[in-house]
Amino acid sequence: MDKLLQDFIESIAKQNQLLERLAALGQEKQELIIAGKVRELDSLIQKEGITVSNLDKMEGARFKLQEHLAIQLGFKAEEFSAKKLLAWVREGCPELYPALEEVINQLDYCLIRLKAINSHNNELIEQSLVFIGEIQSLFNGDVAGIYSDKGQQSDEFESRPRLNLLDKKI
């Protein structure tokens, strides 16, 4: 049982490292979004994808260990929580309790941090899209929509006013 618990602790510690890497990439992404560096952002997103793929593999391994722990301790895997595991380890393997508590608390922190970073990045992207839409409106005029009120495709492109920069002297 001690070996299984140690493997579980190591698995969560590795996940924490990957989550910390994702958080760092997320913060880099914020800077690139703000600076409008699209090519660098694309490259960063590829790195992020690799890290997410690795995290997915680690999560699968951790889940299998958690299932084995649940079976060993007489719990149903879907009902086995960190709280239950901590309570059991405090009594059954007290020497492993501090390490398990630390990695679980770190996991919780990493997930909350990553969620906040991702939420902020989504807000930045949304603001960028709104700004782009406003700029397009200035050049192309406001567009009511692609379809008419009767659900038929509208040909507003030809009738809407557009700013033609080639005809204007600035």
- Rounded to one decimal in nm, the spacing of the 7 Å Cα→Cβ label points at Glu31 and Leu129 is 2.6
- Query: What is the distance, in nm, between label points placed 7 Å from the Cα along the Cα-to-Cβ direction at Asp7 and at Ala24?
  - Reply: 2.9
- In nm, what is the difference between 0.36 nm times the number of residues separating Glu59 and Cys93 and their Cα-Cα distance? 9.9 nm
- Carbon plus sulfur fraction of accessible area for segment 29-80, probe 1.4 Å, in percent: 54
- Quick one: check the C-alpha center-to-center distance for segment 83-100 versus segment 22-40, whole angstrom. 39
- With θ set to phi - 60° and the Karplus curve 6.51 cos²θ - 1.76 cosθ + 1.60, what are the ³J(HN,Hα) couplings of segment 19-31 in order, to the nearest whole Hz, using x for Gly and Pro? 5, 5, 5, 4, 5, 4, 5, x, 5, 4, 4, 4, 4
- Query: How large is ³J(HN,Hα) for each residue in segment 65-73, as worked out from phi by the Karplus curve 6.51 cos²θ - 1.76 cosθ + 1.60 (θ = phi - 60°), to whole Hz, x for Gly and Pro?
  - Reply: 4, 5, 4, 4, 4, 4, 4, 4, 9
- Stretchable slack from Thr51 to Arg39, in nm (0.36 nm times residue separation minus alpha-carbon distance): 2.4 nm
- Per residue, how much accessible area does segment 19-68 have with a 1.4 Å probe, in Å²? 64
- Task: Only loop residues by DSSP count here, and only those with at most 13 other Cβ atoms within 10 Å; note down the trypsin sites (Lys or Arg not before Pro) in segment 73-130 that meet that.
- Result: Lys76
- Under 5 Å between amide H atoms, partner at least 5 residues away or on a different chain: which partners does Phe80 have, H built in plane at 1.01 Å? none
- Message: Just to check I understand the Karplus step: with θ = phi - 60° and J = 6.51 cos²θ - 1.76 cosθ + 1.60, what whole-Hz values come out for segment 77-87, glycine and proline as x?
- Response: 4, 6, 9, 8, 10, 4, 4, 5, 5, 4, 4
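The values are calculated or read from the model by the stated rules, or taken from the named source; none is laboratory data. Quantities reported herein were computed from a predicted structural model and do not represent experimental measurements. Glycine gets a Cβ as well: all are built from the backbone with ideal geometry, and neighbour counts include every protein chain shown. Heavy atoms of the whole protein, side chains included, go into the accessibility calculation; ligands, DNA and RNA do not. Shrake-Rupley method; radii C 1.70, N 1.55, O 1.52, S 1.80 Å.
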